[in-house]
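A quick write-up on the structure given underneath.
The values are calculated or read from the model by the stated rules, or taken from the named source; none is laboratory data. Keep in mind the model is a prediction, meaning the values are calculated, not measured. Please note: Cβ atoms are built from the backbone with ideal geometry, for glycine as well, and neighbour counts cover all protein chains shown. Areas reflect the complete protein model, heavy atoms only, side chains present, ligands, DNA and RNA absent. Shrake-Rupley method; radii C 1.70, N 1.55, O 1.52, S 1.80 Å.
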Amino acid sequence: MHYDQGDPAELKEKFWKALAASPFLMLQLDAEPDSAAPMTAQLDKDANSAIWFFTSPDNRFATGGPATGTFSSKGHDAFARITGELSEETSRERKDALWSNMIEAWFPEGKDSAMLLRMDLGDAAIWAGELGAINTAKMFLGMNVRDNIKGGYTETQL
């Protein structure tokens, strides 16, 4: 696959749209490589430099600190590695705004049993590519597609 140095603004927009469509990523504390676990990102359309996660106060992520998230879009046409700093979000308004039935399913005891973490985002590496129907068919037939698929890549600040 050939990656061009993509337009950072375009690739960031693709990343945010893909994350909104499928808000699941692997999150890990940088100091604990074995801490990687799937988490559901809570997004605010007006806050493009932070994402939030609900967790229990006794979860290893509750300690906060430097963290890395790894993302693959539902359509496998966008991928990202994002870095940032986890800390407890103390805004009750933010917690109320992000709370949903999906979150309540994990915390049936209610909002007060859940901790909201904020990840202030730093550097990101974003990859995006389009396979297309012909290249997908070639892949299923075991044909070489390496030189046919083009994509964009950028290292940027979120």
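Tell me yes or no: at least one residue of segment 60-68 is closer than 22 Å to residue 128 by Cα, touching a Leu at 6+ places or on another chain (Cβ under 7 Å) and aromatic (Phe, Trp, Tyr).
Of segment 60-68, the ones closer than 22 Å to residue 128 by Cα are 68.
Filter again for touching a Leu at 6+ places or on another chain (Cβ under 7 Å), leaving none.
No, that holds for no residue.
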Check: List pairs: first in segment 30-57 and part of a loop (DSSP other than H, G, I, E, B), second open to solvent by 40 Å² or more (accessible area, probe 1.4 Å), Cβ under 6 Å, 6+ apart or cross-chain?
Finding: 30/66; 36/26; 36/28; 43/20
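Report yes if residue 79 is at pLDDT 95 or above, surrounded by 13 or more Cβ atoms within 10 Å (Cβ to Cβ) and of a type outside the set (Val, Ile, Thr), otherwise no. Write out each step before concluding.
Values: at pLDDT 95 or above: no; surrounded by 13 or more Cβ atoms within 10 Å (Cβ to Cβ): yes; of a type outside the set (Val, Ile, Thr): yes.
It is false that residue 79 is at pLDDT 95 or above, surrounded by 13 or more Cβ atoms within 10 Å (Cβ to Cβ) and of a type outside the set (Val, Ile, Thr).
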Next item on the list: Would you confirm whether any residue within segment 36-48 is more than 26 Å from residue 110 (Cβ to Cβ) and at pLDDT 95 or above?
Entry: yes
Margin query: Against the condition small (Gly, Ala, Ser), open to solvent by less than 30 Å² (accessible area, probe 1.4 Å) and in contact (Cβ under 8 Å) with a residue 60 or more places away in the chain, how does residue 67 come out, does it pass?
Written below: no
Notebook entry, point to check: For the subset of segment 84-104 comprising residues that are touching a strand residue (DSSP E or B) at 6+ places or on another chain (Cβ under 8 Å), part of a helix (DSSP H, G or I) and open to solvent by less than 80 Å² (accessible area, probe 1.4 Å), which member is nearest to residue 115 (Cα to Cα)?
Noted result: 95
